[in-house]
Amino acid sequence: MRAMEIGKIHPTALIDEGAQVGRNVTIGAYTIVHAGVDLGDHSVVGPYCILGEPAMEFYREQLYKSPILSIGANALIRSHSVLYAGSSIGAYFQSGHRVTIRENSRLGHHVRVGTVSDIQGDCTIGDHVSLHSNVHIGQKSRIGNYVWIFPYTVLTNDPQPPSDTLLGVTVDDFAVIATMVVILPGVHIGHDALVGASSLVRSDVNPEAVVLGSPARQVASIRDLKDKQTGFDIYPWREHFDRGMPWEGIDYADWATQRLDESMPGDVHG
Amino acid sequence: MRAMEIGKIHPTALIDEGAQVGRNVTIGAYTIVHAGVDLGDHSVVGPYCILGEPAMEFYREQLYKSPILSIGANALIRSHSVLYAGSSIGAYFQSGHRVTIRENSRLGHHVRVGTVSDIQGDCTIGDHVSLHSNVHIGQKSRIGNYVWIFPYTVLTNDPQPPSDTLLGVTVDDFAVIATMVVILPGVHIGHDALVGASSLVRSDVNPEAVVLGSPARQVASIRDLKDKQTGFDIYPWREHFDRGMPWEGIDYADWATQRLDESMPGDVHG
Amino acid sequence: MRAMEIGKIHPTALIDEGAQVGRNVTIGAYTIVHAGVDLGDHSVVGPYCILGEPAMEFYREQLYKSPILSIGANALIRSHSVLYAGSSIGAYFQSGHRVTIRENSRLGHHVRVGTVSDIQGDCTIGDHVSLHSNVHIGQKSRIGNYVWIFPYTVLTNDPQPPSDTLLGVTVDDFAVIATMVVILPGVHIGHDALVGASSLVRSDVNPEAVVLGSPARQVASIRDLKDKQTGFDIYPWREHFDRGMPWEGIDYADWATQRLDESMPGDVHG
């Protein structure tokens, strides 16, 4: 058979008998699935991946048993990725190649993590978050929903390096962080904020603020930004971009209104 | 046999019968070569590589057949690299470890791509281009010949992130981009220009300009730069450096003149 | 058996008969150990690693025999890492995933190298050095003992790119270099110095200096930095942090005094 065939587990893949593999799962050649992994239906895992990689305790304690790694249905995990035991990942997860996700993290559904990106553990990440290639999410980061982070950006966490204090970064819903940005420990990025490329963010960023520079300073509101050719608004981006989003093909405002109606007491589901 | 032996294909390598493998090719242990790959004579591929990695359509369409990945003769592709179906790469290609090259890209001959570098697809790259380690070439980039890009540099492409507009960067012949530079979408770097380390390039760079800073500004012409010890010119670099270049061992000016003669109507080949 | 079992060598691992493997060594599935590797007792090597990767000469010279790669006892080398022939690494080495260490480098004992970090060869690194994820150490770098380097930092080496001049960076004992810093070729970072995040360091840094910015300038002495909440000193860090250090659990000053006594003529060992 081929090295990767949809719906099949390659004979060279090493699947521990203590792993739970869902229906119609594809696993590429030479991939390792450790005991304690729970992999959702219809998921695809490329070659040379490790699911359920053990944390440090495994090497120190003879009887150590790794915690569960839970991956929702319809995941697409590309080759050479390493996902540790002890994290949980929602449905429709998608990764590039050589991604690392460490222990004790919780990722929502429809999260995308680009090639070589690294989620360092003890992180919380919401739904529909997109991390591009080579993004580094330090331990204890808190990322909301619909957040975008572009290549070579780092969320740090140690305010007095080296120390044992870990002060994670918080990024609120709909925020966008461009390429090669460093966010210092404990910083809070407000909802819908936009951080420009190559910035060093040392202090909190207001909702809807555009910040730039090293150190980053507020230069505008996202509502001031216009398309150079058309003169139209660009942000909030959710009103102009919908690919892969739950409001794809319908207007964001209509979708949001509908969602609000559904969550009200006495609504159709009440 | 050993895990890597010149001129041999390791028995653990998975070579699809629909792949075309040239004469005297070396393939290391556990490497995967998919159908549709055309690998040139005398090429060497390290362990754990994937040649012909399928694009997203493969996972969505049951009958999808990947396009050709063509790799010229004398390639040296180091371990853990992933080259997608649908690109074409000239002769004497050389990669570091864990390199990614996505679909629909065209690379000339004698291209070198360093460890962990990532060419994101829909790119055009000329001949004798050297990308150092961990360089990120965004989709739709256009890179000329004899270009050098140093570690942790990113060519971006989305002017209004997140959007569906992709505006690639253009880099002309002989340009040099130093370490940890971000080039913003649509920027044009002129021939022989030099971009200093840690710069953010927001606007076009003139031929032979030296630019620096964040945002980058022109600080000199490359012809102003002198070696501190000798006082001699350093740039254009092609007049002082020839390792691996077609003018190696002969003077650049002589080589260029000869090439010009050869391409003239009525020349010796006419 | 499982893909990784303490004290066992997985049957899919390819161990050359010319390799020397110590007692009680663990080697994960699919890993390659070439001839000439000397791997210390009690070491653990994850899956998909290559130990003893050959340098360029291997591909050029039919009779080329790789030099020794020596790795001390109690190493922990995580998956997908590539360590070249011709380097020597002290005891208690620890690596993240996908680490590269090139030829002709010497690393002391208790060195830690984070995921995706790359040591380019011809480097000297002391004892108890910690490189975080995605750190790039250019050829000919000299790093002392007890040095910390944080993610996405690059030590460069070519003063006139591209050229054949390699001018390595020197980093003295106890120095700390924060995230996303570029150090230009030939720069000397003094002992106990602290380089702030996102800096570009173009000139030498004094011992105990705090430098920041692009280009980096001295803004303080490390002795001026106080904890915001307690008002206490933070640096020198060795007086406030001991995890994994030889003075763990004892006071740094006591440890240093004791060490000094031991090394004096006429001491207890004399």
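What follows draws every value from the coordinates through simple rules; no lab data is involved. This structure is a prediction, so every number in the text was calculated from the model and none was measured. Note that each Cβ is placed from the backbone with ideal geometry, even for glycine, and that neighbours are counted across all protein chains shown.
Ordered by the count of other Cβ atoms within 10 Å of each Cβ, fewest first, B:137, A:234 give A:234, B:137. How would the stretch B:14-226 be classified by its alpha-carbon gyration tensor: rounded, prolate or oblate, with rounded meaning a/c under 1.5 and the a/b versus b/c comparison settling the rest? Judged from the Cα gyration tensor, the stretch B:14-226 comes out prolate (a/c at least 1.5, a/b above b/c). Only beta bridges with both residues in the protein assembly as shown are counted; by DSSP, about 10 percent of them are antiparallel. When only Cα pairs under 8 Å and 6 or more residues apart are kept, what is the percent relative contact order across chain B? Answer for chain B is 7 percent.
Taking amide hydrogens as placed 1.01 Å from N in the peptide plane, the amide H of residue C:31 sits under 5 Å from those of C:13, C:14, C:48, C:49, each at least 5 positions away in sequence or on another chain.
Stretched out straight at 0.36 nm per residue, the stretch from residue C:17 to residue C:220 would grow longer than its current Cα-Cα span by 67.5 nm.
Here the stretch C:148-223 was treated as a single set of alpha-carbon atoms; its pair distances binned every 5 Å from 0 give 4, 19, 29, 28, 12, 6, 2, 0, 0 percent. Legend: ranking of residues B:212, A:155, B:225, C:51 from fewest to most surrounding C-beta atoms inside 10 Å; resulting order B:225, B:212, C:51, A:155. Taking amide H positions as modeled 1.01 Å from N, with prolines and chain starts lacking one, the residues under 5 Å from residue B:217 and 5 or more places away or on another chain are B:212.
Between the Cα long axis of helix B:252-263 and the first principal axis of chain B there is an angle of about 70°, rounded to the nearest 10.
In terms of other Cβ atoms within 10 Å, B:241, A:150 run from fewest to most in the order B:241, A:150. Per the Debye calculation on the protein assembly as shown with a single equal scatterer at every Cα and no solvent contribution, log₁₀ I(q)/I(0) for q = 0.07, 0.10, 0.11 Å⁻¹ amounts to -0.51, -1.09, -1.35.
Placing a label point 7 Å from Cα along the Cα-to-Cβ direction at residue B:262 gives distances to the equivalent points in the other copies of 6.5, 6.6 nm, listed shortest first. Rounded to the nearest Hz, the phi-derived 3J(HN,Hα) couplings of the stretch C:75-82 under the Karplus curve 6.51 cos²θ - 1.76 cosθ + 1.60 (θ = phi - 60°) are 6, 10, 10, 7, 4, 6, 8, 10, where x marks glycine and proline.
Assuming charge only on the beta carbon of Lys and Arg (+1) and of Asp and Glu (-1), the dipole of chain A about its Cα centre is about 780 debye to the nearest 20.
Straightening the chain between residue C:59 and residue C:165 buys 35.7 nm, computed as 0.36 nm per residue apart minus the Cα-Cα spacing.
The Cα-based radius of gyration of the stretch A:173-270, divided by its Kirkwood radius, gives an Rg/Rh of 1.08. GNM on chain C, alpha-carbon springs under 10 angstrom: the most fluctuating residue among C:152, C:64, C:235 is C:64.
Per residue of peptide A:58-67, the mean number of Cβ atoms on other chains within 10 Å of the residue Cβ is 1. Rounded to the nearest 5, the antiparallel percentage of DSSP beta bridges internal to the stretch C:127-225 is 20%. Using the Karplus relation 6.51 cos²θ - 1.76 cosθ + 1.60 with θ = phi - 60°, the per-residue 3J(HN,Hα) values for the stretch A:101-114 come to 10, 7, 6, 6, 10, 10, 10, x, 8, 6, 8, 10, 10, x Hz, with x marking Gly and Pro.
Take chain C, connect every pair of alpha-carbon atoms lying under 10 Å apart with a spring to form a Gaussian network, then pick out the residue of C:157, C:24, C:74 with the largest mean-square fluctuation. Sorting by GNM fluctuation, first place goes to C:24. Each Lys and Arg adds +1 at its Cβ and each Asp and Glu adds -1 at its Cβ; summed about the Cα centre, the protein assembly as shown shows a dipole of about 480 debye. If you wrap the stretch C:109-166 in the convex hull of its Cα atoms and look at it from every side, the mean projected area works out to 3.9 nm². The other copies place their residue A:232 label points at 5.8, 5.8 nm from this one, listed shortest first, where each point is 7 Å from Cα along Cα→Cβ. Here the Debye sum runs over all C-alpha atoms of the stretch B:223-262 as equal scatterers in vacuum, and log10 of I(q)/I(0) at q = 0.14, 0.17, 0.33 Å⁻¹ comes out as -0.37, -0.52, -1.03.
Expressed to the nearest 5 percent, the antiparallel share of DSSP beta bridges inside chain A is 10 percent.
If you average the C-alpha positions of the stretch C:211-238 and of the stretch A:110-186 separately, how far apart do those two centres end up, in angstrom? After rounding, the separation between the Cα centres reads 25 Å. Each other copy holds its own label point for residue C:23; taking that point as 7 Å from Cα along Cα to Cβ, the gaps run 5.4, 5.4 nm, nearest first. Backbone amide hydrogens, once placed in the peptide plane, bring residue C:9 within less than 5 Å of C:27, excluding anything fewer than 5 places away on its chain. For the stretch C:1-104, applying the loop criterion from DSSP together with a ceiling of 11 other beta carbons within 10 Å to the trypsin sites (Lys or Arg not before Pro) yields C:23.
Largest GNM mean-square fluctuation across A:62, A:229, A:139, computed for chain A with C-alpha springs under 10 Å, falls on A:229. Only lysines eight or more places from residue C:140 in sequence, or on another chain, were considered; those with a Cα closer than 28 Å are B:226, B:228, C:65. Per-residue Karplus couplings for the stretch C:121-130, computed as 6.51 cos²θ - 1.76 cosθ + 1.60 with θ equal to phi - 60°, are listed in order as x, 6, 10, 10, 10, x, 9, 6, 8, 10 Hz, Gly and Pro entered as x.
Here the stretch C:197-229 is scanned for amide nitrogen atoms under 17 Å from the site 7 Å beyond the Cα of residue B:228 along Cα-to-Cβ, giving C:200-206, C:215-217.
Scanning chain C for GluC sites (Glu not before Pro) in DSSP loops with at most 15 other Cβ atoms within 10 Å, what's the longest stretch left with none? Intermediate results must be reported in sequence, preceding the final value.
Details: sites that count: C:5, C:17, C:61, C:248.
That gives C:62-247 as the longest site-free run.
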